[in-house]
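**Student:** Submitted below is the structure of interest, expressed as structure tokens.
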Amino acid sequence: MTKPNFITIETDGPVTIVTLVREDRRNAISEDMLLEIENVFRAPPEGTRSFVLAAKGDHFCAGLDLREHYDKDRSPIEFMTMCQKWHRAFDIIQFSGTPVIAALKGAVVGGGLELAAAAHVRIAEEGTFFALPEGQRGIFTGGGATVRVARIVTPARMVDMMLSARTYDARRGLDLGLCHEVVEAGQALSRARELAAQVARNPPTTNFAIVTGISRINDMSTTDGLFAEGLLAMAVQTNPEIRDRLEAFFSKKTKRLEPGVS
């Protein structure tokens, strides 16, 4: 992989931190930036067991690079091809089998929300805001929001977000599921790294089943979903690596779960 220009890649043991570094454009996603994002999640550094997805500057991501879109004046087929590139890249993030923790701040807007929605856990700072202003811009989502975001907030609420350009702050985003935790300003990255390190200690087979299985089962009928769940449980629970963890649990060597403690 050639050296990227719009992201940086850092490894911290089993955790790989991918940072968007186009802060002069509020980390808006160009075609080249999208390809760099896809490449690192498709072929992560050796030993990666979890990812942190972060951003430099004041904002996580303001979405599609509208200047590039305007300048290229794409034909309908060219833009459909572009949408398919977004779908492919974000599918890799969601379904590669490696957990992704997103550290959100500032604008998580349009395609930036589509990118965040592909991550498995989203940590938002106070001051984060979520929006889908496509209706106001005279455009339509093309990076998967109708699938991922609509499933989080419901299709009716997504329609409202797009028609009215309604903005949700971090606390409301937490209520709706757009993020899973809210932290003080400046703390999202450190919290995401902490959680990614914790997740990296899980057995890889278990993490793979969790981050690939649950979303796919949600697409299935009840009967097919239950069968698929059984297959995943069969693969995970009979993995020899699990026996050591069960023995530690039986011998009370593992930390007990407590209310409100992660």
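**Student:** Among L35, A188, A54, which residue has its Cα positioned farthest towards the positive end of the charge dipole of the chain, with +1 placed on the Cβ of Lys and Arg, -1 on the Cβ of Asp and Glu, and the dipole taken about the Cα centre?
**Tutor:** Checking the options against the dipole of the chain, the answer is A188.
**Student:** Below 8 Å between Cα atoms, with a sequence gap of 6+, how large is the relative contact order for segment 113-162 in percent? Present the calculation step by step, with values, prior to reporting the outcome.
**Tutor:** Details: 34 pairs, mean separation 23.1, N = 50.
In percent, rounded to a whole number, it is 46.
**Student:** Measuring from a point 7 Å past the Cα of N5 along Cα-to-C-beta, which residues in segment 12-41 have an amide N at less than 13 Å?
**Tutor:** 22, 30-36
**Student:** Can I ask one more? Starting at the first residue of segment 119-131, write each ³J(HN,Hα) from the Karplus equation 6.51 cos²θ - 1.76 cosθ + 1.60 with θ = phi - 60°, in whole Hz, x for Gly and Pro.
**Tutor:** 6, 8, 9, 10, 9, 10, 7, 4, x, 5, 9, 10, 7
**Student:** How many nm is it between the label spots at K56 and R245, if each spot is 7 Å from the Cα in line with the beta carbon?
**Tutor:** Taking the simple label geometry, K56 and R245 are separated by 3.6 nm.
**Student:** Mind listing the phi-derived Karplus ³J(HN,Hα) values for segment 238-244, rounded to whole Hz, using 6.51, -1.76 and 1.60 with θ = phi - 60°, and x for any glycine or proline?
**Tutor:** After applying 6.51 cos²θ - 1.76 cosθ + 1.60, I find 9, 5, x, 4, 6, 4, 4 Hz.
**Student:** Using only Cα atoms, tell me the angle between helix 222-237 and the longest principal axis of the chain; keep it within 0 to 90° and round to the nearest 10.
**Tutor:** 50 degrees
**Student:** Need the list of aspartates and glutamates near K72 for cross-linking: C-alpha distance under 19 angstrom, and skip anything on the same chain fewer than eight residues off.
**Tutor:** Cα-Cα hits under 19 Å: E31, D32, E134.
**Student:** Taking loop as defined by DSSP and a crowding limit of 12 other beta carbons within 10 Å, which chymotrypsin sites (Phe, Trp or Tyr not before Pro) in segment 128-204 fit? Don't skip to the end; give the middle numbers.
**Tutor:** On the way: sites: F129, F130, F140, Y168; in loops: F140.
The qualifying sites are F140.
**Student:** So for the pair T146, M220, with labels modelled 7 Å out along Cα→Cβ, what separation do we get in nm?
**Tutor:** It works out to 2.6 nm between the two label points.
**Student:** Sticking with this structure for a sec: For the chain, give me the percentage of DSSP beta bridges that are antiparallel, rounded to the nearest 5 percent.
**Tutor:** Details: 9 of 30 bridges.
Counting only bridges with both partners in the chain, antiparallel ones make up about 30 percent.
**Student:** To the nearest 0.05, what FRET efficiency results for D91 and D169 with a Förster distance of 30 Å applied to their C-beta separation?
**Tutor:** 0.55
**Student:** Here's a follow-up. Mind giving me the nanometre distance, one decimal, between the label points for R157 and Q187, set 7 Å out from Cα along Cα→Cβ?
**Tutor:** Placing both labels 7 Å along Cα→Cβ, they lie 2.4 nm apart.
**Student:** By how many degrees, 0 to 90 and rounded to 10, does the Cα axis of helix 188-200 deviate from the longest principal axis of the chain?
**Tutor:** So the inclination is approximately 40 degrees.
**Student:** Would you please classify the overall shape of the chain from the alpha carbon gyration tensor, given that a ≥ b ≥ c denote the square roots of the eigenvalues, rounded means a/c under 1.5, and beyond that prolate means a/b larger than b/c while oblate covers the rest?
**Tutor:** Working: a/c = 1.63, a/b = 1.55, b/c = 1.05.
The shape class here is prolate.
**Student:** Where the centre of each part is set by its Cα atoms, how far does segment 31-110 sit from segment 213-235, in angstrom?
**Tutor:** First find each Cα centre; the distance between them is then 27 Å.
Bear in mind these aren't lab numbers, they're just calculated from the coordinates by the rules spelled out. Computed from a predicted model, the values in this text were never measured in an experiment. Cβ atoms come from the backbone with ideal geometry, glycine included; neighbour counts cover every protein chain shown.
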